[in-house]
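Take a look at the structure below.
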Amino acid sequence: MGTSSDQGNAIIGVFYAQSRRHALTKNLAMEWAEDGIRANAVAPAVVLTTIYKSFIEEDQIEGALQGLNDFHPIGRIGSVGDMANAVEFLLSEKASWMTGRVVDVDGGVMAGCN
């Protein structure tokens, strides 16, 4: 069983990784803007993918992740399609005026943290 110190260190690690993703995205956006290249990123929360196979039996992944539905204010975990839709938008002309942004595609998780 982990200690609260372990949990605190894990949370610090997550926020550190997020800050690095944000900084990289913004720096690339500024560096590439003059060449007409945009740099954006997607920040997901819990998404149903096979990445969990490394520590959950594949036939149990969906059931195990369903317990995290309430973690997301929208009431469900994300899907690969949710992520793909966000990336498709960022790659489209509809987002041609966006650069240096990290888009939270997380079912409202970050909205609840602000």
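Quick notes
- Within segment 37-58, if we keep just the residues that are of a type in the set (Val, Ile, Thr) and more than 12 Å from the chain's Cα centre (by Cα), the residue that is modelled with the lowest pLDDT turns out to be Thr50.
- Qualifying residue in segment 90-104 (condition: of a type in the set (D, E, K, R) and at pLDDT below 90): no
- Residue list for segment 86-105, restricted to those being loosely packed, with under 13 Cβ neighbours inside 10 Å and assigned to a helix (DSSP H, G or I): Glu88, Leu91, Glu93, Lys94
- Any hit, segment 64-74, residues being in contact with a Lys or Arg (Cβ under 6 Å, 6 or more places away or on another chain), farther than 18 Å from Arg21 by Cβ and either of a type outside the set (Val, Ile, Thr) or not in a loop (DSSP other than H, G, I, E, B) (or both): yes
- From Gly112, Gly108, Gly81, residue being small (Gly, Ala, Ser) and surrounded by 13 or more Cβ atoms within 10 Å (Cβ to Cβ): Gly108
- Residues located in segment 69-108, provided they are of a type in the set (A, V, I, L, M, F, W, C) and in contact with a His (Cβ under 6 Å, 6 or more places away or on another chain): Val102
- Residue tally, condition modelled with pLDDT of 70 or more, out of contact with any strand residue (DSSP E or B) (no Cβ under 8 Å at 6 or more places or on another chain) and among the hydroxyl-bearing types (Ser, Thr, Tyr), over segment 1-32: 2
- Meets criteria (touching a strand residue (DSSP E or B) at 6+ places or on another chain (Cβ under 7 Å) and loosely packed, with under 13 Cβ neighbours inside 10 Å) for Val42: no
The values are calculated or read from the model by the stated rules, or taken from the named source; none is laboratory data. It should be emphasised that the depicted structure is a prediction, and the values quoted were computed from it without experimental measurement. Please note: Cβ atoms are built from the backbone with ideal geometry, for glycine as well, and neighbour counts cover all protein chains shown.
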